[in-house]
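A short write-up of the structure that comes next.
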Amino acid sequence: MTISHSEKINCTENQLWQLLLEKITNPEYTIKEVSKSKILESFSDGYLREMNVSGMHIVERIIVSSETKEIIFNLVDNIEFEGYIINKIENKNDDVILTYLQEWKPKNSSIQYSQNQFLITIKNSVLAMKKLAEKNL
């Protein structure tokens, strides 16, 4: 299942990038479904994080690329899904565009999930980041 949502954000790329980096350690600021999060380990290129989201325990290997303005959240040993989420900033015609893309696949066909619920979470998370980024304008 691939889902994504993009929004034009009225702030600088650097301001938005700093907020995305902050979201790594404080995801509950923009993802209301997060009930608990903790950084387990730090690496030169990212982090290992665990969190509870909508009742699901998730461990992620987070890779941060300042060059491409991308943060990749790879699922680690998840019992239900495999895949990743990308948070990416792009500059299109002098507009700052934020995209969240989720590529998760169920590990077996008996897993029941709502693609619509994942889409709502992704969209609301982008909109929450937009609101946070634009609040000081």
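Residue-wise, which Karplus ³J(HN,Hα) couplings in Hz belong to the range 100-114, taking 6.51 cos²θ - 1.76 cosθ + 1.60, θ = phi - 60°, and x for glycine or proline?
Values, residue by residue: 10, 10, 10, 10, 10, 10, x, 6, 8, 5, 7, 6, 9, 8, 10 Hz.
Between Val59 and Asn116, what FRET efficiency comes out of the Förster formula 1/(1 + (r/R0)^6) with R0 = 22 Å and r the beta carbon distance, rounded to 0.05?
E(calc), rounded to 0.05, equals 0.35.
Roughly what would the spin-label model give for Asn52 and Ile97, points 7 Å off Cα along C-beta, in nm?
About 3.8 nm, to one decimal.
Which whole-number percentage describes the relative contact order of the range 35-137, with Cα contacts under 8 Å and a sequence gap of 6 or more?
Dividing the mean separation by the residue count of the range 35-137 yields 14 percent.
About its Cα centre, what dipole magnitude does the chain give when the only charges are +1 on Lys and Arg Cβ and -1 on Asp and Glu Cβ, stated in debye to the nearest 20?
Details: 16 positive and 19 negative charges, 79 e Å.
That gives the chain a dipole magnitude of about 380 debye.
Ordering Tyr29, Tyr100 from largest to smallest accessible area (1.4 angstrom probe), what's the sequence?
Largest accessible area first, the list is Tyr29, Tyr100.
Under 14 Å from a point placed 7 Å out from the Cα of Asn78 along the Cα-to-Cβ direction: which residues of the range 1-35 have their backbone N that close?
Answer for the range 1-35: 1-4, 34.
Could you work out Rg/(2.2 N^0.38 Å) for the range 41-137, with Rg from alpha carbons only?
That works out to 1.19 for the range 41-137.
In the range 87-137, with Lys and Arg counted as +1 and Asp and Glu as -1 at Cβ, which of these residues, Gln102, Phe118, Asn91, has the Cα nearest the positive end of the dipole, that is, farthest along it?
Value: Phe118.
Restricting to DSSP H runs of at least four residues, report the calculated mean residue ellipticity at 222 nm for the chain, -39500 (n - 2.57) per run over all residues, nearest 500 deg cm²/dmol.
-8000 deg cm²/dmol, from helical runs alone.
The values are calculated or read from the model by the stated rules, or taken from the named source; none is laboratory data. Remember, predicted model here, so these are calculated numbers, not experimental data. Glycine also receives a Cβ, built like all others from the backbone with ideal geometry; neighbour counts cover every protein chain displayed. These area figures cover heavy atoms from the full protein model, side chains too; ligands, DNA and RNA do not enter into them. Shrake-Rupley method; radii C 1.70, N 1.55, O 1.52, S 1.80 Å.
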